[in-house]
Structures are given as C-alpha cells and as structure tokens.
1. How large is the dipole of region 110-155 about the Cα centre if only Lys and Arg carry +1 and Asp and Glu carry -1, each at its Cβ, rounded to the nearest 20 debye?
2. Kindly express, to the nearest 10 degrees and within the range 0 to 90, the angle between helix 64-75's C-alpha long axis and the longest C-alpha principal axis of the chain.
3. May I ask for the Rg/Rh ratio of the chain, computed from Cα atoms with Rh as the Kirkwood radius, given to two decimals?
4. Among Gly55, Tyr41, His19, whose Cα lies farthest out toward the positive end of the dipole of region 9-73, if unit charges sit on the beta carbon of Lys, Arg (+1) and Asp, Glu (-1)?
5. HN-Hα J couplings of region 142-159 from phi, Karplus 6.51/-1.76/1.60, θ = phi - 60°, integer Hz, Gly and Pro as x?
6. Can you figure out the FRET efficiency of Lys23 with Gln75, using R₀ = 25 Å and their beta-carbon distance, to the nearest 0.05?
7. Can you classify region 115-154 as rounded, prolate or oblate using the Cα gyration tensor, where a ≥ b ≥ c are the square roots of its eigenvalues, rounded means a/c under 1.5, and otherwise it's prolate if a/b beats b/c and oblate if not?
8. Search the structure for amide H atoms under 5 Å from the amide H of Met109, placed 1.01 Å from N in the peptide plane, and list their residues when 5 or more places away or on another chain.
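What follows draws every value from the coordinates through simple rules; no lab data is involved. Predicted model, so just to flag it, every value in this text is computed and none were measured. All Cβ positions, even for glycine, are placed from backbone atoms using ideal geometry, and neighbour counts span all protein chains on display.
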Amino acid sequence: MTIDIISVVPDLLSSPFAHSIMKRASDKGLLQVNVINLREYTTYARAQVDDYQFGGGAGMVLMIEPLVNAVEHLQKEKQYDDVIYLTPDGETFNQKMANTLSLKKNLLMICGHYKGIDQRFRDHFVTKEISIGDYVLSGGELAAAVLTDAIGRLLPGVLNDETSALTDSFQDNLLSPPVYTRPEIYRGWAIPNVLKSGNHKLIEEWRHEQAIERTTLRRPDILE
Ligand code: 6GU
C-alpha cells in the first residue's frame, strides 16, 4: 500500500514512520509513505502557498492552485482510492475506518494549515474528510501520522503476531484486558493467580470478563 501525504511542513513527518512497527512495514515493502512538499508545486513568487481569505478575517488559507498542481502531478503516477483531507470538521476517525482504509491500495492525504484550504479544492478533489477528535491541532500532519500508523499496522505481515491486531482494543467493541509481565511480585503487588494457572480456557474467560468490566466502566458508549 502507498500513502502519499501533501504538507507545507514536510519535516514534521520525517520521524513518525522511521521507527518501530512503521519502519518494519516500510522495510518489508508493505507500506510506502511519501511526503510531498506543497511549496514545490506553487507558481507564485517566494514559494507562496497561502493567502488572505476573501471576505476578510484572521488567518491564511491554502490556495487551490498549488494543491491541484500537486494532486494532478501525483495522479499521473497512480490512481488514488481516496483523497483524504485532514480537518477538525471531518468525520471522527475510529478503528472501523482504519480497517476499511487498510484495504485500499493508494491513499492521498492533504494536510491543511492556518485557517484551512480553499473550499473549492474540498468540493472538487477531496473524497473523504477526517478528524482525529474534538480538539484543534495547528495542522493536519499529526493527524495524518495518526491515520497512517493506525492503518499501516493493520496491513497483513506488518505485525509479528498476526493475531495481535485482532485482539486490539476496539477491534471487537471491547477495550483490552490488563496485561502483566515479570516480576511476578513487585513491592508486594502480585499478578492475578489465574494467569499462572496454565489453563488457557480459564485465562481466556478471565480476560474476556476483564475486558467487559473495563469497557463498562470506561467506555459504556462502545459496548454492544
Ligand atoms: Cl485532522 N486537523 C486539525 N488541524 N485539527 C484536528 C484534526 C485534524 N483532528 C482533530 N483536530
């Protein structure tokens, strides 16, 4: 899968995919992330990509022309399944959307900045608008990194243990149960006995109960 990300601050996206699971995904050739600098696609002087908004008001708006230049240039190489604009007024991202997007071949993400982007680009080029939550970030880059991570780790072969994405929180509308590792007792705090029982059926039952209890307490809204 490829994810292309258009940004005016491409440096913000140099590190998130260079480590850990995202690095493994790209080393294995399962996920290719390309960050595109919008300023390379402007014809305006001094690499200008934004301007004041018509009608007045504070804040700059990304101009349509550099965005279209960039998208149409990229579209010569590949066809995108979706052109995603990251914006606080988009649909709130969740695990189900990550699952759906992980089945696509080529995604293009557009990061806005300042007051956003010219509405005509949204009307004519964007196919999905996504937010990562009800708060405002200074740009779409961190949101694009969040989506790319959530999608990338779902690609077959990215995680070592293929079952581990299936047991994630949210994957079955339940939060994950507690987990423990060595030492067995720390400062007198012991791990639950059942985890040492060797009885896999009992352990699975306990984990399921814990997941239900945790979800009931913390996120009754997602419980089916
Ligand atoms: Cl996708 N962008 C920005 N700028 N702020 C956000 C967001 C996206 N999602 C939540 N807040």
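1. 80 debye
2. 60 degrees
3. 1.08
4. So the residue furthest toward the plus end is His19.
5. Taking θ as phi minus 60°, the curve returns 5, 5, 4, 5, 4, 4, 4, 5, 4, 6, x, 6, 8, 5, x, x, 6, 7 Hz for region 142-159.
6. About 0.35, to the nearest 0.05.
7. Judged from the Cα gyration tensor, region 115-154 comes out oblate (a/c at least 1.5, b/c at or above a/b).
8. Those qualifying (amide H under 5 Å, at least 5 residues apart or on another chain) are Asp4, Ile5, Ile6, Ile84.
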